Amino acid sequence: MKKAWKIIKYLLYIIIGFLLLDLAVVVFFSVYRPPLQKAGAIVVLGAAINTPALYNRTLDGLKLYEQGYAPVMVLSGGVDYPKSIPEAVYMQNLIIAQWENQNPLPNPPPKGEGTKLPPMLLDENANSTYQNIVNSKALIPKDKSIIIVSDGFHLARAVLMAKREGFGPVYWSSPNPSYYSKGELAYYYAREVLAMIDYIPKFITGR
């Protein structure tokens, strides 16, 4: 009985250690930001439409475009529920509306090459992070350097998947998460730790 309990105890230590390591990776990517360089595309990952998450991700990607970090935006997100528009179309509509209002962002950059309405490539079929990355890869035929835009807790999975799919260099950005409560952030970080575990086969095999 003592031997069995010792084995169980060691297994619990291993599981807890693995979960803590996983959490550390998620937190690292949410906190650390490599210095941004010009890239081939800005890839904005979808979220549920009409949510602060999708709204702020889109504006963060638009800000990077206006600052001249990439010549094109890739908007990736499919349909949340029947009869809704794809997340990618929502993002496109938001960018056009912001542009037409001529007040898209606070402190807009000086007029120049980065201030025209961005070319937008839409992926309207992605319903997972894996599909976001794979579908975006098909839309970007040449320069595989990208800037991924998503919420901070989501960046580890997205960036690691992008590197696995051959993107590089990969940079990342996220909006200020002030639109989440502390409880919501705790929930999303915990959920992301489990999602990272679920994605281990994809990180290894690419499928």
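No lab work stands behind these numbers, since they all come straight from the coordinates. All values reported here derive from a predicted model rather than from experimental measurement. Neighbour counts run over all protein chains shown; Cβ positions are idealised from the backbone, glycine included.
With Rg and Dmax of the Cα atoms in Å defined as stated, name the option among (1) 18.8, 74; (2) 16.7, 49; (3) 18.2, 55 computed from the structure displayed. Here Rg and Dmax of the Cα atoms in Å agrees with entry (1). For GluC sites (Glu not before Pro), no site in the range 56-102 is both called loop by DSSP and has at most 15 other Cβ atoms within 10 Å.
Where does the chain land at 222 nm, in deg cm²/dmol rounded to the nearest 500, when only DSSP H runs of n ≥ 4 count, each adding -39500 (n - 2.57), divided by all residues?
On the way: 7 runs with 104 residues, N = 207.
Calculated from helices alone, the mean residue ellipticity at 222 nm is -16500 deg cm²/dmol.
For Q98 and L36, calculate 0.36 nm times their separation in residues minus their Cα-Cα distance, and state this gained length in nm to one decimal. Write down the numbers at each step before the final one.
Values: separation 62, 0.36 × 62 = 22.32 nm, distance 2.40 nm.
Here the answer is 19.9 nm.
With both labels modelled 7 Å from their Cα along Cα-to-Cβ, the Q131 to E184 distance reads 2.4 nm.
Between helix 87-101 and the chain there is an angle of about 40 degrees, using the helix long axis and the longest principal axis of the Cα atoms.
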